[in-house]
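A short write-up of the structure that comes next.
The values are calculated or read from the model by the stated rules, or taken from the named source; none is laboratory data. A quick note: this is a predicted structure, and the numbers were derived from the prediction, not measured. Note that we place each Cβ from the backbone using ideal geometry, even for glycine, and neighbour counts take in every protein chain shown.
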């Protein structure tokens with residue numbers, strides 16, 4: 001069923017402000033929405049069992065294949081998504097037990113990791129909910145190419161970040177995090193939110209190319225889970241399927 005047809009069919013069971021939610025989240029006009037639509041087609045996510053972390057009102061989850069499910073902490077988000085017939089679980093991804101969840105072929109996470117206290121534990125928990133050989137699709141803001149943007153009218157916004165961001169990243173930092181959490185990076189690129197909006201691009205990935213790449217402020221990565229991975233020999237940790245994704249070696253403390 002077409003998404004817009006689904007919204008009309010399910011509208012009577014939506015929240016009181018359902019029209020506002022649909023207008024803001026289900027029109028897919030924002031830059032990150034366009035990146036999502038590109039990734040959905042590229043990886044045929046409409047055929048895949050996808051776990052959507054921070055699934056919100058279900059505006060991305062509604063596009064995924066059979067067996068897909070969303071995780072969100074907000075009661076309002078959960079209520080609206082369920083009114084669309086979507087499978088969603090009310091979970092604090094960083095704190096709650098996830099062992100009751102099914103394994104997913106793909107994990108989709110967008111604009112989330114920069115808000116979290118521990119990027120390492122976040123990625124370790126994602127590792128544990130992926131099936132062997134599963135794929136992580138991650139989108140996040142990154143630091144702009146040059147801090148000079150903060151001094152240039154019209155480009156200053158490239159260097160400003162949401163007030164709730166407690167982590168910052170660069171592609172190199174992400175590469176290191178993936179290696180230390182059990183993922184093999186297959187593809188990654190920087191892209192530009194403001195240029196995607198200003199140029200009205202349907203394919204945000206085009207902004208990875210020079211000279212548009214000079215104005216990139218976001219990042220997209222495709223990572224495959226390595227089921228045979230463990231921490232390096234000199235690490236104090238061993239991988240585990242627990243709340244943190246690791247245990248300390250015997251005798252460490």
Of the residues in the range 167-190 that are in a helix (DSSP H, G or I) and touching a residue at least 24 places away in the same chain (Cβ under 8 Å), the one that is surrounded by the fewest Cβ atoms within 10 Å (Cβ to Cβ) is 171
Please find, within the range 213-228, the residue that is farthest from residue 138 (Cα to Cα) out of those that are touching a strand residue (DSSP E or B) at 6+ places or on another chain (Cβ under 7 Å) and part of a loop (DSSP other than H, G, I, E, B).
-> 227
Taking the stated definitions as given, is residue 86 in contact (Cβ under 8 Å) with a residue 40 or more places away in the chain and surrounded by 21 or more Cβ atoms within 10 Å (Cβ to Cβ)?
-> no
Result of the Cβ filter at 9 Å on the range 119-144, keeping first residues that are at positive phi and partners that are at pLDDT 95 or above and part of a strand (DSSP E or B), at least 6 apart or interchain, is 133/105; 133/224; 133/225
Of all residues in the range 116-136, count the ones that are assigned to a strand (DSSP E or B) and buried (at least 22 other Cβ atoms within 10 Å of the Cβ).
-> 3
Do we have any residue at all in the range 30-43 that's closer than 22 Å to residue 202 by Cβ, exposed (fewer than 14 other Cβ atoms within 10 Å of the Cβ) and within 17 Å of the chain's Cα centre (by Cα)?
-> yes
Could you look through the range 191-206, keep only residues that are under 19 Å from the mean Cα position of the chain (by Cα) and buried (at least 20 other Cβ atoms within 10 Å of the Cβ), and pick out the one that is nearest to residue 138 (Cα to Cα)?
-> 191
Residues within the range 105-117 that are out of contact with any helix residue (DSSP H, G or I) (no Cβ under 6 Å at 6 or more places or on another chain) and at pLDDT 95 or above, tallied | 4
Which one of these is surrounded by 13 or more Cβ atoms within 10 Å (Cβ to Cβ), at pLDDT 95 or above and either under 16 Å from the mean Cα position of the chain (by Cα) or more than 29 Å from residue 195 (Cα to Cα) (or both): 56, 18, 70?
-> 70
